[in-house]
Amino acid sequence: MPRSPRPLLCLMALALACGLPAAARAGTPLRVAVSIPPQKWLVAQVAGPAAQVSILVEPGRSPENFAPTPRQVADLQAADVYFSAGVAFELGLLPRLRAMPGSLRLAGRRPVSERHGTDGDDQDPHAWLDPREASAFADTVCRVLSELRPAEAAAFAQGRDALKAQLAGLDRELAARLEGCRGREFYVFHPAYGHFAARYGLTQVAVEDHGHEPGARHLAETIDRAKAAGAHVILVQPQFPQRSADAVAAAIGARVVMADPLEADYPAGLRHLADVLQDALGCGDGKAAR
């Protein structure tokens, strides 16, 4: 009896499917890589179950002194898209990825036409702390994922629209809560909050001196300025040592309070930051800093 060709055809179809990039395989989640935890949350809101998102800089680590391992760089080649965040280590990573063979798509927080140079050229790369920037990133994510998986474009657009509405509400909430703080200074160890401060009319003052532990002169000047401002809270983040912040706090009788600009739960991170600032600046009736 002649052998049915069906098993052979099935094997051929399976082999062809395995050879296709994930972006072209219906029902297979897109493999998305991002730099930092807040990006993972934002991408997940747009993509839903249609994407598996991996992070290079795991929670608790700092992108300021991060270097991807050879294994991480190799794993990126298997991804469908990598969304950069504009942080420092990407300046060395992105040229390496562009030079690699393969179909990895690279995208930034905004379309390239809306940026000057690379995201890493920004003096303060922490743009995601402004909800409007996060909303622009949502547009980019939706556009890129839709190009990779056109059949799911409507679902991505629905996720984007829901995220943008959530971010707009969060922005209004934060603006209302921090309205009474406008024009005030707040003190931080690492200057991660420039975009957030600009959005809500605040000024951050850093203990750190241009990315380095402060020298005696800079420390003394910061202490004098903090005393004059009546500061009673110094913000620190878990990715950095806080001994210099402790020194300033001790000299002016202030408390050291933790806030994380890389919080994986994006809305919760911004709301906690607003809590801390309302308490630090004595404006509004937010929760006490925790």
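When only alpha-carbon atoms count, how far does segment 27-174 stretch along each of its three principal axes, as whole angstroms with the largest first?
38, 38, 31
Take the Cα atoms of segment 158-290, find their three principal axes, and give me the spread along each one in whole Å, biggest first.
53, 27, 23
Rule-based calculations on the coordinates, nothing more; no lab input. No experiment lies behind these values; they were computed from the predicted model shown.
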